[in-house]
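So the structure is just underneath, and the comments pick up after that.
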Amino acid sequence: MTATGPIEPVDAGTAVVRPPLRRLHVKTWGCQMNVYDSERMTELLAPLGYAPIDAPENADMVLLNTCHIRERATEKVFSDLGRLRDMKTARAAEGLPTIIAVAGCVAQAEGAEIAARAPWVDMVVGPQSYHRLPEMVARAHRAAGLQINTDFPAETKFDLMPQARGAQGAVAFLTVQEGCDKFCSFCVVPYTRGAEVSRPVSAVVAEAERLVAVGAREIALLGQNVNAYHGQGPDGAVWGLARLLARLAEVPGLARLRYMTSHPRDMDDALIAAHRDLPALMPFLHLPVQSGSDRVLRAMNRGHTADDFRRIVDKVKAARPDIALSSDFIVGHPGESEADFRATMKLVDETGFAIAYSFTYSERPGTPAAAQPGQVPPAERAARLQELQALLRRQQDAFNASCVGRVCDVLVTGTARYPGQIAARSPWLQPVHLSGPASLIGQMVRVRVMGAEPNSLAAEIMGNSQTGEQQAA
Ligand code: SAH
Ligand code: SF4
Ligand code: F3S
């Protein structure tokens, strides 16, 4: 049997000439959607002879898949580009060409800026144009100068991108929805990812089946507004996320499912009921609320109140009592007063989060919030963040401690740091370490949780579970 590595050319049925081996280094920032896109782009470049390597040194092509969400994320890209210029110059002195490509949300938002600040970049490609990468790379081989491709084409990129086919781990990402029509005051995503698009159900199911065939046991459905999913069903009707999840739960070999990121406005009763009715749906919900103040939520254009969020949380907890709640918060949005911040602290205190991500507001050029009055001084933003994070930390510790003694099914994802130890993920998404053989990787294993640490759990194996159901003690 011949090895079918990542450089295997697409076999069109006739003899294929193997292109020369080229080394590709991909660096990914930002959300899981970028992780998913980086995997697809790597697969897309394989037929051109590009095989992935871990470090940028000696790479024939470096692809930066970037994030524009906060100022710091963007600045990191430019500092990496500075280092890459030196590498490109050193390689050129040895007669070796290097292609430098910038993809992702910085590419989309700042294509012209990249061209001006980093003229050694060979191509800039926005998230809706990744299927054009091979053509752009082929042209770069012919040294055609800087290429920019950041259109929002009419055809969806999903129809044109390769499907997942390489070896996967036990957890796989699957993008089902992309883009955002909500235009929160502070956010660049509607500008960088374009309008909301949902993939058809049949395409999602086919991809899920393929992912399971190459080893996935857990699939995380991705979308900037994943719970706004409205894909065309095989029956011609429009399916919501709840119906899609129910269909995916039937995929043989798939043990569990989750989805992110959701918006409170789209958290409908059918989806909440899915948390009660679908054993494969993990008891984990990431539902960003951003603020606990109605005044700030209005300034943010979120389209919901703090009480709307409380009502959703109550319903979700009633449907799935052991649900782990997660959220995102921004402190220091323009106009946020001390009283507004107190309202956020109160909401957090009442809700109880298993984990949460919190940020100081970062001004993004071109977004409505950047022009709003009442910008909060940076020192005030930082102080509020510190206070919020201390509370969230206590809640995370309390949640982890509450898991001790529970019996549950975990998914073994790999080996751990110490010999004889394996790493797993709990139904509530905490990393779990336990003693066990590496042969369990990719399997659901029933464990008892024995201890809690700040960011993980320790557990003991009770016996293999073939059911794939999570069970809370
Ligand atoms: N679609 C998701 C958010 C994607 S961005 C949603 O609607 O919730 C991930 C998180 O980054 C957001 O939830 C928000 O908390 C944070 N974020 C976005 N823009 C930001 C900004 N300008 N400054 C600080 N944090 C921001
Ligand atoms: Fe950004 Fe708001 Fe859309 Fe989320 S819902 S991606 S925060 S604009
Ligand atoms: Fe960042 Fe773009 Fe994702 S801005 S968070 S990479 S959608």
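Values quoted throughout were computed directly from the atomic coordinates according to the rules given, and no laboratory measurement underlies them. What you see is a predicted model, and the numbers here were worked out from it, not measured in a lab. Don't worry about glycine lacking a Cβ; one is built from the backbone with ideal geometry, like all the others, and counts go over all protein chains shown.
Side notes on the structure shown:
- The C-alpha atoms of region 157-402 occupy a region whose extents along the principal axes are 52, 43, 33 Å, arranged from largest to smallest.
- DSSP bridge pairs, the chain: antiparallel proportion in percent, nearest 5: 35
- The antiparallel fraction among DSSP beta bridges confined to region 157-402 stands at about 15%.
- Left without a cysteine partner by the 4.7 Å Cβ rule in the chain: C31, C67, C105, C180, C403, C408.
- Charged-residue dipole, Cβ positions (Lys, Arg, Asp, Glu), region 380-435 about Cα centre, Debye nearest 20: 60
- Ranked by how many other beta carbons lie within 10 Å on average, peptides 279-291, 346-358 from highest: 279-291, 346-358
- Cβ-based charge dipole, the chain, positive-most Cα from H275, A438, S202: A438
- Per-residue HN-Hα couplings for region 190-196 [Karplus 6.51, -1.76, 1.60; θ = phi - 60°; Hz; x = Gly/Pro]: x, 7, 8, 10, x, 6, 5
- Counted over region 407-464 with a bin width of 5 Å, the fraction of Cα pairs per bin, in whole percents, is 5, 24, 38, 25, 8, 0.
- Cross-link partners of K76 among lysines, defined as those whose alpha carbon lies under 29 angstrom from its own and excluding same-chain residues fewer than eight positions apart: K27, K88, K157, K182.
- Alpha-carbon Rg/Rh ratio, for the chain, with Rh computed the Kirkwood way: 0.97
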